[in-house]
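The values are calculated or read from the model by the stated rules, or taken from the named source; none is laboratory data. Note that the coordinates shown come from a computational prediction; the quantities given were computed from them, not determined experimentally. Virtual Cβ from ideal backbone geometry, glycine too; neighbours counted across all protein chains shown. SASA here: full protein model, heavy atoms, side chains in, ligands and nucleic acids out. Shrake-Rupley method; radii C 1.70, N 1.55, O 1.52, S 1.80 Å.
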Amino acid sequence: MTMAQSAADRPVSPLSASSRGGPTVLRVQLGAQLRRLRETAGISREEAAYAIRASVSKMCRLELGRVGFKERDVADLLTMYGVVDDAERAGLLSLAQRANEPQWWQPYGDIMPSWFEQYVGLEEAAVRLRTYATQFVPGLLQTADYARAVARMRHPHASREELERRVGLEMARQRLLTRPDAPKLWTVIDEAALRRRLGGAAVLRGQLEHLLEVSALPSVTVQILPFDRGVSAPGGPFTILRFQEPDVPDVVYLEQLDNAAYLERRADLDTYGRTMDTLCAQACVPGETAALIEGILAEL
């Protein structure tokens, strides 16, 4: 393909794909499209970065959709890549505008590190979430009291107001489970997380009762990994996110104490996919989940 070719001859624009996840997925789509256009034009990442007065590392983050786009930069890149068709330019510039639109979680920006803000955006966009939890019940399945106990443990010096805002953020995230287009959530929870009396016995009881309720949702599948079945996965908890947009690859999310890793390499996806399959095979089948939780409740 040459730089003079028309828009009709170029790869399909991501504008035709549905945008479940707002700006996060739109940034990934736009970044992927710009990378393809750059490579087709035979332009190096270094040359592109120079054209928009950016570092090579920032250019890399732009093409991965990890940071926002300035419309002027997108326009300059399109000119550099030989995109002269008015309709194609308008479509991609519109995508850049939409990728910068504010989202519901922005009011929580002061308590959300950038690495977690990106995850919330991806979570909103995913069609499937496969997660393994070791120490705590996953955030999407927590009660407000349990989420408050987790926040208090992780942020011991936070004010009461900040703790309540952190709980509010967790509760707002959970709305996606009851959307008409709710993603499929499949989680394996280590038995230890269900026995840890975080916040006290009453908080744990409320959490276990809530887990019984949400596990009955058609979009949610919960498996328990008992102490006598297998071993915990090496490396701790993780989440695998899948998206319907062809320009957005699967992602493995690894949250740590003060940062997170996002893995997209095929080898990493295969490794964590196999690990999740093994955990699902070792855990009790979903039909046994309610009885296991009720057994733990009876011991409280």
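Assorted remarks:
- Scope the range 33-42; condition of a type outside the set (S, T, N, Q) and either crowded, with 22+ Cβ neighbours inside 10 Å or within 12 Å of LEU95 (Cα to Cα) (or both); matching residues: LEU34, LEU37
- Taking the range 147-177 as the range and being under 20 Å from GLN223 (Cα atoms) and free of Cβ contacts under 8 Å to residues at least 40 places away in the same chain as the test, only GLN174 passes.
- All conditions but one from (1) open to solvent by 60 Å² or more (accessible area, probe 1.4 Å); (2) at pLDDT below 95 apply to ARG179; the one that does not is (1).
- All conditions but one from (1) closer than 27 Å to ASP181 by Cα; (2) in contact (Cβ under 8 Å) with a residue 40 or more places away in the chain; (3) surrounded by 13 or more Cβ atoms within 10 Å (Cβ to Cβ) apply to TYR272; the one that does not is (2).
- Residue in the range 218-234 that is hydroxyl-bearing (Ser, Thr, Tyr), farther than 30 Å from GLY65 by Cα, open to solvent by less than 40 Å² (accessible area, probe 1.4 Å) and assigned to a loop (DSSP other than H, G, I, E, B) present: no
- Conditions (1) farther than 21 Å from LEU204 by Cα; (2) surrounded by 10 or more Cβ atoms within 10 Å (Cβ to Cβ); (3) of a type in the set (A, V, I, L, M, F, W, C); number of the one not met by ALA267: (2)
- Qualifying residue in the range 71-86 (condition: closer than 21 Å to TYR119 by Cα, outside any loop (DSSP other than H, G, I, E, B), open to solvent by less than 40 Å² (accessible area, probe 1.4 Å) and at pLDDT 90 or above): no
- Across the range 108-145, the number of residues qualifying as within 13 Å of the chain's Cα centre (by Cα), surrounded by fewer than 16 Cβ atoms within 10 Å (Cβ to Cβ) and polar (S, T, N, Q) comes to 1.
- Lone qualifier among LEU241, LEU257 - being within 21 Å of the chain's Cα centre (by Cα) and exposed (fewer than 14 other Cβ atoms within 10 Å of the Cβ): LEU257
- From the list ARG173, ARG148, ARG152, ARG197, the lone residue that is part of a loop (DSSP other than H, G, I, E, B), in contact with a Leu (Cβ under 9 Å, 6 or more places away or on another chain) and surrounded by fewer than 21 Cβ atoms within 10 Å (Cβ to Cβ) is ARG197.
- Check on ALA202, surrounded by fewer than 17 Cβ atoms within 10 Å (Cβ to Cβ) and farther than 22 Å from GLU124 by Cα: yes
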